[in-house]
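Working notes, structure below.
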Amino acid sequence: MKAALGTIPDKYVYSAYLGESPLASIYQGTTKIWPDNAQRVTRMTLDVASLDGTLNGIYWQLALDAVDTGCTASKFIRFTCDRTYNVNHTYGSYPLVYHMGNGEFSFLNEQGPLARNVHVGDTVAILLVIPSRDSIRTGGLENTPVSYDYPPCIPGTMARGYFNKGRKKVSTGVRLTVSSLPSNKTLLDVHQQQNGHVRGSRDWEYGSVGYVPGETGVRLTVTPHQPVGGAWGGYFRYPAYRLTLHLKILRIETTP
């Protein structure tokens, strides 16, 4: 029996069945492409450490956090090496590669790249497409300041504060202070409050916080002002971004 692959590249051939019986071999022309020539990459280590202390490293870490809950058409990390994969969560028809940490990636279900097409020293393209999103929030209910340490901010990050004004004739608000770490340099210090005969919740933009080279994080301190009526706090709103990283292959593991 002869079956035509047509224009399908051999890198997409993992196995074939006739009914429930597996085929012993698959040829492309006179070249056997499976199983003799189908050794696959199972694990790969990339030079992610080269991103440490850089703005691209912050984009990378924020992207991993963003796709932790899943991928969509507008939120994904796409890994291209011989073919294209989604990182950590599948979306659409893309197969999965999982980031294990420290630059190590694992290809699932033996769908990794063909080993003959991938070599140590080659460059892998990783596309980050991340929509605008909010950080976790820090705040409280009592009249006591709270602080939380975040990763460094990317350009265009906005600090936001929120509070509930549950009583008339009582001015209520919060003060946001953002300090760069470890230098403790103040990047933003703004107080806003709601006065007058109004009630209700407020969620306001306090100002922009950008990237500071050489720093490893930021500390957001939220100080309440006469809190009445509910929760108060602060958070960061990160801008949308689209960025391609190019990382070298340091190590490869293959199927037997």
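The values are calculated or read from the model by the stated rules, or taken from the named source; none is laboratory data. All of these numbers come straight from a predicted model, not from anything done at the bench. A quick note on method: Cβ atoms are made from the backbone with ideal geometry, for glycine too, and the neighbour counts reach across all protein chains shown. Ligands, DNA and RNA are stripped out before the accessible areas are found, and what is left, the full protein with its side chains, is counted by its heavy atoms. Shrake-Rupley method; radii C 1.70, N 1.55, O 1.52, S 1.80 Å.
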| field | Residue list for the range 165-191, restricted to those being open to solvent by 50 Å² or more (accessible area, probe 1.4 Å), touching a strand residue (DSSP E or B) at 6+ places or on another chain (Cβ under 9 Å) and at negative phi | value | ARG167, ARG175, PRO182, LYS185, THR186, LEU187, ASP189, HIS191
| query | So which residues in the range 64-74 are open to solvent by 30 Å² or more (accessible area, probe 1.4 Å) and outside any strand (DSSP E or B), if there are any at all? | reply | ASP65, ASP68, THR69, ALA73, SER74
| note | Within the range 111-146, the count of residues that are open to solvent by 40 Å² or more (accessible area, probe 1.4 Å), at pLDDT below 95 and closer than 18 Å to ARG78 by Cα comes to 1
| field | strands (runs of 3 or more DSSP E) contained in the range 182-256 and holding at least 3 residues under 30 Å from ALA115 (Cβ atoms) | value | 241-254
| request: Please find, among LEU64, LEU46, the residue that is in contact (Cβ under 8 Å) with a residue 24 or more places away in the chain, touching a Gly at 6+ places or on another chain (Cβ under 9 Å) and within 14 Å of LEU245 (Cα to Cα). | output: LEU46
| task | Inspect the range 198-213 for any residue being under 19 Å from GLY140 (Cα atoms), among the charged types (D, E, K, R), out of contact with any Gly (no Cβ under 9 Å at 6 or more places or on another chain) and open to solvent by 60 Å² or more (accessible area, probe 1.4 Å) and give the result as yes or no. | result | no
| Looking at the range 75-97, which of its residues are polar (S, T, N, Q), touching a residue at least 12 places away in the same chain (Cβ under 8 Å) and part of a strand (DSSP E or B)? | THR80, ASN86
| So which residues in the range 46-63 are open to solvent by less than 20 Å² (accessible area, probe 1.4 Å) and hydroxyl-bearing (Ser, Thr, Tyr)? | none
| field | Residues satisfying the stated conditions in the range 10-21, i.e. surrounded by 11 or more Cβ atoms within 10 Å (Cβ to Cβ) and either in contact with a Leu (Cβ under 7 Å, 6 or more places away or on another chain) or not polar (S, T, N, Q) (or both) | value | ASP10, LYS11, TYR12, VAL13, TYR14, ALA16
| message | Kindly evaluate GLY53 against the criterion of being among the small types (Gly, Ala, Ser), part of a loop (DSSP other than H, G, I, E, B) and more than 19 Å from LEU250 (Cα to Cα). | response | yes
| said: Under 6 Å between Cβ atoms, which residue pairs at least 6 apart in sequence (or on different chains) link something in the range 114-138 that is of a type in the set (D, E, K, R) and outside any loop (DSSP other than H, G, I, E, B) with a partner that is crowded, with 18+ Cβ neighbours inside 10 Å and at pLDDT 95 or above? | reply: ARG133/TYR238; ASP134/TYR235
